[in-house]
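One structure below.
The values are calculated or read from the model by the stated rules, or taken from the named source; none is laboratory data. No experiment lies behind these values; they were computed from the predicted model shown. For neighbour counting, all protein chains shown are included, and Cβ atoms are generated from backbone atoms with ideal geometry for every residue, glycine included. Ligands, DNA and RNA are excluded from the accessible area calculation, which covers all protein heavy atoms including side chains. Shrake-Rupley method; radii C 1.70, N 1.55, O 1.52, S 1.80 Å.
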Amino acid sequence: DITRVRARWVLDSRGNPTVEAEVYTLGGGIGRAIVPSGASTGTHEALELRDGGRDFHGRGVSRAVENVNTVIAREIVGMDSRKQEEIDRRMVELDGTPNKSRLGANAILSVSLAVAHAAANTYGMPLYAYLGGLQAHVLPVPLMNVINGGKHAGNELKIQEFMIVPVGAKTFSEALKISSEVYHSLRNVLKERYGSQAINVGDEGGFAPPMKESREALRALVEAIKLAGYDPGKDVALALDAAASEFYDGGRGAYLLDGREFRREQLLDYYKELVNEFPIVSIEDPLQEDDFEGFAIATRELKVQVVGDDLFVTNASRLLKGISLGAANALLLKVNQIGTLTESFEAARLAMNNGYSVIVSHRSGESEDTTIAHIAVALNTGQIKTGAPARGERTAKYNELIRVEEELGSRARYLGIAAFKHYKM
Ligand code: PGA
Ligand code: ZN
């Protein structure tokens, strides 16, 4: 039984306050979790409760912390920490709004995750095994954001994330080694071509070079892969997160990208060119967040994995709509977009049961918390996106996966390119 629930503010990787919760059980278990925070957030995400006012430039979380320490604590102390669904449902009811705006999704999620950690800890089990049971054994292929643009960097790149995907590795630890090598080769490529300013990094640990055009970034990645001694496409593939809502002009009904103005069909043609020129296996949010119909066209026409992030916001009802229309073929799973572990798992299972791939994801504002690494293994999603192989809040997740792989021993599997079942090249 849960004996105590306590929250406080701590800082995230951008230096903003966020909610940390601790849950204690009668069996001596302790669980702790820190909530992440996005910058290019989807309009339809659950609400992150911020104080406003002067403290922390309005970004304080004292109301969310207070909500955990009073209303939520009163409700769930005495409940069984193993009853995750019941606890999450209780918090959702207590909040009573469709987007968790009364208590705050940050307040609710901190407790939801800490409860899972507390239950696992009570049994002395690692979180992935507690959540996923004996079937949990697939180490995810990492999609690593090594060139940052959009809202995550102070450069002119409009596409938010240029990622390397070590599909040719045999194990997760080999994948991490290859990624680290390519990351450092990329550093050399960028420094040589653009000068030492180019190796400053953005919010997710990737470089933020002063480039103007998507192709420049993609060319630098291919070059870095070769320089590190790997085969582009075979050993290391590429992936994009366009985060297209950020460069969509609703008034004009057009996308402003790479110095041009694109209508939807033109933008899809542009992606097709890039997919033909570069070994891209996955494109996230290629179109703005409410264009389900456009996502369905993209999914039919692009021969790569099409990922819905701002489109689905880890929300089962938006995903259901997407499934019925054939919009996207993969779900980006961000626990703080929806606000409880239970609802996140529901969205993931709905996706998998309908042939969609699932990518567990960090946010651009992160912490040392490693919960998402465990969720990826628990659900055997086969894919994770958690930034560059650099910066502590990013490497915390990758390093945890190294430990999990070691612990699983001969049961561990790394799927490589087979994790991308919607990629057809
Ligand atoms: P965010 O970016 O955390 O700033 O929303 C990550 C993403 O768009 O995938
Ligand atoms: Zn995204």
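In Å², and per residue, what accessible area does the range 160-306 have when probed at 1.4 Å with the other protein chains present?
Roughly 38 Å² per residue, with all protein chains present.
Just the number please: accessible area per residue for the range 29-87, 1.4 Å probe, all protein chains included, in Å². Mind dumping the intermediate values first?
Numbers: 2950 Å² over 59 residues.
For the range 29-87, the per-residue accessible area is 50 Å².
Among the GluC sites (Glu not before Pro) within the range 333-379, which fall in a DSSP loop and have no more than 14 other Cβ atoms within 10 Å of their own Cβ?
Details: sites: Glu343, Glu346, Glu366, Glu368; in loops: Glu366, Glu368.
Filter output for the range 333-379: Glu368.
From the Cα gyration tensor of the range 257-401, with a ≥ b ≥ c the square roots of its eigenvalues, which class applies: rounded if a/c is under 1.5, or else prolate if a/b is larger than b/c, or else oblate?
Oblate is the answer for the range 257-401, as a/c is 1.5 or above yet b/c matches or exceeds a/b.
Quick one: go through the range 363-387 and flag any residue whose amide nitrogen is under 13 Å from the point 7 Å out along the Cα-to-Cβ line of Met352.
So the set is 375-383.
Express in nm, to one decimal, how much length is gained between Leu94 and Ile30 on full extension, taking 0.36 nm for each residue of separation and deducting their alpha carbon distance.
20.7 nm is the gain from fully extending Leu94 to Ile30.
Taking 7 Å along the Cα-to-C-beta vector as the label spot, tell me the Asn200-Lys303 distance in nanometres, rounded to one decimal.
About 4.1 nm separates the two model spin labels.
Just subtract the alpha-carbon distance of Lys191 and Ala418 from 0.36 nm times their residue separation and send over the number in nm, one decimal. Working shown, then result.
On the way: separation 227, 0.36 × 227 = 81.72 nm, distance 3.41 nm.
Value of the extension gain: 78.3 nm.
With no solvent and one equal point scatterer per Cα, compute the Debye intensity ratio I(q)/I(0) for the range 170-258 at 0.17 Å⁻¹ and report its log10, rounded to two decimals.
Debye output, listed in q order: -0.80.
Using a Förster distance of 51 angstrom, determine the FRET efficiency expected from the C-beta separation of Lys151 and Lys83, and round it to 0.05.
0.85
Please state the relative contact order of the chain as a whole percent: Cα pairs under 8 Å, 6+ residues apart?
RCO, the chain: 20 percent.
Cut-off under 23 Å on the C-alpha distance; same-chain residues fewer than 8 positions from Lys170 excluded. Which lysines are left, in chain and number order?
Lys226, Lys234, Lys385, Lys397, Lys421, Lys424
Using a 1.4 angstrom probe on heavy atoms only, work out the carbon and sulfur share of the accessible area of the range 3-48 in %.
Working: 950 of 1890 Å².
Roughly 50 percent of what the probe reaches on the range 3-48 is carbon or sulfur.
How charged is the neighbourhood of Arg260? Take every other residue with its Cβ under 11 Å from the Cβ of Arg260, and add Lys/Arg as +1 and Asp/Glu as -1.
Summing Lys and Arg as +1 and Asp and Glu as -1 gives -1.
Once the other residues with Cβ under 11 Å from the Cβ of Glu204 are scored (Lys, Arg +1; Asp, Glu -1), what is the net sum?
On the way: positive: Arg14, Lys151, Arg363, Lys385, Arg391, Arg394; negative: Glu161, Asp203, Asp241, Glu366, Glu393.
So the environment of Glu204 carries a net charge of +1.
Quickly estimate the mean residue ellipticity at 222 nm for the chain, helices only: each DSSP H run with n ≥ 4 gives -39500 (n - 2.57), and the total goes over all residues, rounded to 500.
That calculation yields -11500 deg cm²/dmol at 222 nm.
To the nearest 10 degrees, how steep is helix 316-325 against the longest Cα principal axis of the chain, on a 0 to 90 scale?
On a 0 to 90 degree scale, this one is about 40.
Could you work out how much longer the chain between Ser410 and Lys212 gets when fully extended? Use 0.36 nm per residue separation minus the Cα distance between them, nm to one decimal.
Value of the extension gain: 66.7 nm.
Please compute the net charge surrounding Ile372, taking Lys and Arg as +1 and Asp and Glu as -1 over other residues with Cβ under 10 Å from its Cβ.
+1
I'd like to check one number: the per residue accessible area of the range 314-425, probe 1.4 Å, reported in Å² as a whole number. The partial results should precede the final answer.
Numbers: 3790 Å² over 112 residues.
Accessible surface, normalised per residue, equals 34 Å².
List the residues of the range 36-52 whose backbone N lies under 20 Å from a point placed 7 Å from the Cα of Lys321 along the Cα-to-Cβ direction.
The answer is 41-48.
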